[in-house]
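J.: Below you'll find the structure I mean.
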């Protein structure tokens, strides 16, 4: 056990990575592939929980790959910030896997299941790697692993447009990671190191150079592409809309979140508060973009009749809230962002899962398909409503906790209009969620075909996440505590 | 040990929430057996009223029974505390629920409405949230139940399911949720941020924490954020909600929902701002004038409406403004008058709505111009209508006299003679638009061949409206105990 404890950070990434080829070999038996992938996802969740315990006890868990010391070797570094991200990824993938069996069986060709689950594990491994590593170049590598795996996952979608959506994502994603790589290259030229901690130490000496500033610009734009910051979000709605349900659940909850984490890490951890906000005044860039990113996609979402696409636009808007929190450049703001990272992950995953149930039974996720669904699939639709309330930010749901902190952060920064803006845009979320409620509950079903409630193996994970939305809206101490510690760690001396 | 109360107030408080919530579930589960379901509903309503009564002795003896359910974030909790104003509101809502549920059975069956189970279940949820609003210890708890009330009444407004009902329900939802999230929640967060507390405290929590200029802005946000008080220009939802079946209009849109709005206004003005602080605010005067305008213009609109329910709806908008006006006068007597008006207007207006519903069930008539001579066919209904109208106008021997009496006294005492005039003028308008239907029903001859075959509505419709009409008269005698109890708000 001692050995396992010691190598926990490595296991976090290696377990899904090694399981992936294993799963691919099981391509002949979809069931075995699924079972192995599920077990792997649960194992990674266990590892991340063990890591949480260690982080709570030790503060920071540093792990040197192959025993090579940091400036030379790659360092894995788990602190109070990325443990939150690791937990989100592992939690979501552990919940989504039981959901996947039926959902994937109905949406993906059977001969592809082995590859599908292998790609899922690789995406999982890539995202975990991005979060856990303390090395800039390593971040890029894992970004590519996660991205390539997600491209193929999206391309397995039923409709033909899935391929096109995947291609679009590939283009934008590649540009993004290339920008990131250029930025990291500049930093390496200027400092001779790739370790994030070393970078943070050596950068202040060369802060004034144009190269470092160009590096910052490249990195921020590159990551913004990955996290779908308005107006670089154009790949996202198609990718989410055409991917298989299970992939949408997983990606919406984790992929953008990890990119946001990297942005936070670079802005606060590497370049530092001084350069990012005091010298370059990045808040002046991020704040308007975040606000536009909340406003415009929310309005667009109101007019979409494909609910999956509508929720995809809503995701862009939610990313806006997180970036808004970052742009306050305060501990409270960061705390709100980190909270939303977690709360939005469970909320949106629950919503997309409910949509998965609907797709499974009704064969589509357009508003028309959902007419009268409240009578036919009461459990699914109730879950959708509760998670929708959390998305709006109604008290006693997880979404409220975020909004509350975000508004407090705005008031703390003396930004009254933004506090009002945040609440006002919640009404937009209300509008697009309510459209669904109205159609599903207050209209009689169109066709006389008997549709039953979704099967239990789809319903249970959906309700598990839905109840989590309620649980974390009432018992807030775990996410709030984690977010608070993480925000303080990121802000460092600037509290 | 005295036999009354049967239980501690701290036990009764959570029970007042549990009973209607469980009741909603029971009603929903028994949808297949209409008789059992409706019987259960009445039993639940009676049980709720009995439980609310258990809290009364403690409040009358000056106590403030309180419990805390959960603490969400440090300092932000779901907690309940009963004070006189909330006590009265809870008593009014829960007692009228018994009568309304009897009436609803008669009405829904008489009018052959569909989806009765959903209807009754949502009704119970609405009562659940009214209890939460009445007993909330802080603004946050109140806000949560305020939103639940909006959401639970939405299916009731949309009940008919046709295009008109959906549009009305949409207006209802957008205005109520929009104002509450866009204004009220902003004000709540700001209060928490500035004053460090959201608890309803005697004398308010603003003094010393919030400058008067900012406080004035907050007051505007609060009063307009409480869309349920239907202050112009955010009153449109109330006429829109009239597409709902009449029991909804009666209990919810004459009593529970709108009264939850003005109740919140009174709570905020006395316990969050505090009257001394409120008097200093620039926007208190402004809101007082807006309330006065709202009061008069809604009366004028009501005069124009031929549809009886629409007329009553605008009358409600006008009557609610009395209470907002009373709160904004920031005078003890005016606030007491406003609080009394919650009770008096509730009994009067519910009677009027019951009558409108009974007329619809009996004759399918909704317009006043068609009601000529109907009083001869439906003497009990129209007699009760007359009594209800007199109560809302405020003529002795009706309870409505006392609330206006205190409002006028309060206005006069704080030197707002213009407001005294407004109240008087509006009383005249009340007479004009409320008595007209009764006059036509009793004095005009029925149109040729029209009213033949019209009889009184089913017994379950007529008996409740007679009870509430008599209640209006009984309240004439209840002024003194009410006043004594409400005096407790200001510590005397």
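J.: Beta carbons within 10 angstrom, averaged per residue: use that to sort the peptides B:140-153, B:207-220, highest first.
T.: Most protected by this proxy first, the peptides run B:140-153, B:207-220.
J.: Can you sort A:76, B:224 by how many other beta carbons sit within 10 Å, fewest first?
T.: The order, fewest Cβ neighbours first, is B:224, A:76.
J.: Return the FRET efficiency for the residue pair residue B:490, residue A:25: r is the Cβ-Cβ distance, R0 is 60 Å, and the value is rounded to the nearest 0.05.
T.: 0.15
J.: Roughly how tilted is helix A:456-474, in degrees to the nearest 10 and between 0 and 90, from the longest Cα axis of chain A?
T.: Result, in degrees: 50.
J.: Suppose a student asked you for the relative contact order of chain B, using Cα pairs under 8 Å spaced at least 6 residues apart; what percent would you report?
T.: Reported as a whole number, the value is 14 percent.
J.: What's the angle, to the nearest 10 degrees (0 to 90), between helix A:161-191's Cα axis and the longest principal axis of chain A?
T.: 10
J.: Based on other C-beta atoms within 10 Å, arrange B:314, B:385 from fewest to most.
T.: The order, fewest Cβ neighbours first, is B:314, B:385.
J.: Turning to a different aspect of this structure: Given the DSSP H assignment, sum -39500 (n - 2.57) over each helix run of at least 4 residues in chain B and divide by its residue total; what's the result at 222 nm in deg cm²/dmol, nearest 500?
T.: -23000 deg cm²/dmol
J.: Using Cα pairs closer than 8 Å and at least 6 residues apart in sequence, work out the relative contact order for the stretch A:1-106, in percent.
T.: That works out to 28 percent.
J.: Label residue B:405 and residue A:164 with points 7 Å out from Cα along Cα→Cβ: what is the distance between them in nm?
T.: Spacing of the two 7 Å Cα→Cβ label points: 7.7 nm.
J.: Let me ask you something else. Provide B:404, B:160 in ascending order of the number of other Cβ atoms located within 10 Å of each residue's Cβ, fewest first.
T.: Fewest-to-most ranking of B:404, B:160: B:160, B:404.
J.: When a/c is below 1.5 the answer is rounded, else prolate if a/b is larger than b/c, else oblate, so apply that to the stretch A:37-90 with a ≥ b ≥ c taken from the square roots of the Cα gyration tensor eigenvalues.
T.: Here the stretch A:37-90 falls in the oblate category.
J.: If you take each beta carbon of peptide B:176-188 and count the beta carbons of other chains within 10 angstrom, what is the mean?
T.: Whole-number average of other-chain Cβ neighbours for B:176-188 is 4.
J.: Please give the peptides B:472-480, B:323-331 ranked by average Cβ packing (other Cβ atoms within 10 Å per residue), highest first, as a rough proxy for protection.
T.: Going from most to least packed, we get B:323-331, B:472-480.
J.: Using 1/(1 + (r/R0)^6) with R0 = 56 angstrom and r between the beta carbons of residue B:60 and residue B:369, what's the FRET efficiency to the nearest 0.05?
T.: Efficiency for this residue pair is about 0.70.
J.: How much length, in nm to one decimal, is gained on full extension between residue A:366 and residue A:57, taken as 0.36 nm per residue of separation minus their Cα-Cα distance?
T.: 106.4 nm
J.: Right, next: Classify the stretch A:34-178 as rounded, prolate or oblate, taking a ≥ b ≥ c as the square roots of the eigenvalues of its Cα gyration tensor: rounded when a/c is under 1.5, otherwise prolate if a/b is larger than b/c and oblate if not.
T.: oblate
J.: Tell me, what is the FRET efficiency for residue B:297 and residue B:193 to the nearest 0.05, using R0 = 25 angstrom and their Cβ-Cβ distance as r?
T.: 0.10
J.: Enter the mean number of other protein chain beta carbons within 10 Å of the beta carbon of each residue in B:49-60, as an integer.
T.: Across the residues of B:49-60, the mean count of other-chain Cβ atoms within 10 Å is 0.
J.: Using a 10 Å cut-off on Cβ atoms, rank the peptides A:184-193, B:128-137 from the highest mean neighbour count down.
T.: B:128-137, A:184-193
J.: Let me know the mean shielding of B:156-165 by other chains, meaning the per-residue number of their Cβ atoms within 10 Å of its Cβ.
T.: Going residue by residue through B:156-165 and averaging, the value is 1.
J.: Would you calculate the separation in nanometres between label points at residue B:112 and residue A:306, each defined as 7 Å from the Cα along the Cα-to-beta-carbon direction?
T.: Here the answer is 4.5 nm between the modelled labels.
J.: I've got another one for you. Taking the Cα atoms only, what angle lies between the long axis of helix A:398-412 and the longest principal axis of chain A, rounded to 10 degrees?
T.: The answer is roughly 40 degrees.
J.: While we're here: Report the residues of the stretch B:414-442 in range of a label on residue B:289: point 7 Å along Cα→C-beta, backbone N strictly under 20 Å from it.
T.: Flagged as within label range: B:414-426.
J.: For chain A, what relative contact order do you get, as a whole percent, if you take Cα pairs closer than 8 Å and at least 6 residues apart?
T.: Relative contact order comes out at 15 percent.
J.: Evaluate the distance, in nm, between pseudo-label points positioned 7 Å from the Cα of residue B:447 and of residue B:43 along their respective Cα→Cβ axes.
T.: Label at residue B:447, label at residue B:43, 4.7 nm between them.
J.: Next question. 222 nm [θ] for chain A, helices only, -39500 (n - 2.57) per DSSP H run of 4+, per residue, to 500?
T.: -25500 deg cm²/dmol
Any read-out appearing in this document is the output of simple, stated calculations on the displayed coordinates, not a laboratory observation. Keep in mind that this is a model prediction, so the values were computed, not measured. Cβ: placed from backbone, ideal geometry, glycine included. Neighbour counts: every protein chain shown.
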